[in-house]
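Novice: So that we are looking at the same thing, I have put the structure below in structure tokens.
A short reminder: the numbers here are calculations on the coordinates, not readings from a lab. Quantities reported herein were computed from a predicted structural model and do not represent experimental measurements. Because the Cβ atoms are built from the backbone with ideal geometry, glycine has one as well, and the counts that use them run over all protein chains shown.
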Amino acid sequence: MKVLSLKQPWAELILQGRKKIEIRKWNTSFRGPFLIHASGNIDEPAMAKYGYKEEDLPRQAIVGKTELVDVKHYKDEEEFKKDKDKHLATWEFGSYGFILGKTEQVKEIKNVKGQLGFWEWEEKTKGI
């Protein structure tokens, strides 16, 4: 199954339904379900902004499942700002918005190293 790695707290904010668009600097033709991987790295300013401590959130673990329903290419920063409440990001993050569908938390699968971009992970995905 495809997986996308995200720094914390972004993975958690998606699981909570607070972040409905994932911003990236690259486009993809992929559409469909994928697993959410909380990478080993954190976004320290975002952790502070959203009130999380490092020990609050899982890292290097598969934590959820969602679906990529569409990709929105933001032409300029003004258009980008209109969706601020959905992506919670700044223009520097990129101009491609991965629009997420149904999202659910899964039983945490620990000690999973992430990768860049969408990547395949087969181990123990049956039933997820």
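Novice: Condition test on Thr66, is it hydroxyl-bearing (Ser, Thr, Tyr), under 13 Å from the mean Cα position of the chain (by Cα), surrounded by 11 or more Cβ atoms within 10 Å (Cβ to Cβ) and closer than 26 Å to Met1 by Cα? Outline the logic, then answer.
Specialist: On the way: hydroxyl-bearing (Ser, Thr, Tyr): yes; under 13 Å from the mean Cα position of the chain (by Cα): yes; surrounded by 11 or more Cβ atoms within 10 Å (Cβ to Cβ): yes; closer than 26 Å to Met1 by Cα: yes.
For Thr66, the condition - hydroxyl-bearing (Ser, Thr, Tyr), under 13 Å from the mean Cα position of the chain (by Cα), surrounded by 11 or more Cβ atoms within 10 Å (Cβ to Cβ) and closer than 26 Å to Met1 by Cα - is met.
Novice: Out of the stretch 109-125, which residues are assigned to a loop (DSSP other than H, G, I, E, B) and surrounded by 13 or more Cβ atoms within 10 Å (Cβ to Cβ)? Break it down stepwise before answering.
Specialist: Just the residues of the stretch 109-125 that are assigned to a loop (DSSP other than H, G, I, E, B), to begin with: 111-117, 121-125.
Hits for the stretch 109-125 are Val112, Gly114, Gln115, Trp121, Thr125.
Novice: Test each condition in (1) touching a residue at least 24 places away in the same chain (Cβ under 8 Å); (2) surrounded by 11 or more Cβ atoms within 10 Å (Cβ to Cβ); (3) under 16 Å from the mean Cα position of the chain (by Cα) for Thr90 and report the one that comes out false.
Specialist: For Thr90, the failing item is (1).
Novice: Among the numbered criteria (1) within 17 Å of the chain's Cα centre (by Cα); (2) under 12 Å from Lys7 (Cα atoms), which single criterion is violated by Glu54?
Specialist: Against the list (1) within 17 Å of the chain's Cα centre (by Cα); (2) under 12 Å from Lys7 (Cα atoms), Glu54 comes up short only on (1).
Novice: Scan the stretch 13-27 and report the pairs whose first residue is free of Cβ contacts under 8 Å to residues at least 12 places away in the same chain and surrounded by fewer than 21 Cβ atoms within 10 Å (Cβ to Cβ) and whose second residue is in a strand (DSSP E or B) and among the aromatic types (Phe, Trp, Tyr), with Cβ atoms within less than 6 Å and a gap of 6+ or a chain change.
Specialist: Final answer for the pair search is none.
Novice: Residues Val106, Val63, Val71: which one is over 20 Å from Gln8 (Cβ atoms) and among the hydrophobic types (A, V, I, L, M, F, W, C)?
Specialist: Values: Val106 fails: over 20 Å from Gln8 (Cβ atoms); Val63 fails: over 20 Å from Gln8 (Cβ atoms).
Every option except Val71 fails the conditions.
Novice: Further, regarding this structure: Of all residues in the stretch 1-51, which are under 13 Å from the mean Cα position of the chain (by Cα), over 14 Å from Gly101 (Cα atoms) and of a type in the set (Val, Ile, Thr)?
Specialist: Across the stretch 1-51, the qualifying residues are Val3, Ile23, Ile42.
Novice: Determine which single condition Leu13 fails, assuming it passes every other condition in (1) in contact with a helix residue (DSSP H, G or I) (Cβ under 6 Å, 6 or more places away or on another chain); (2) under 23 Å from Asp83 (Cα atoms).
Specialist: (1)
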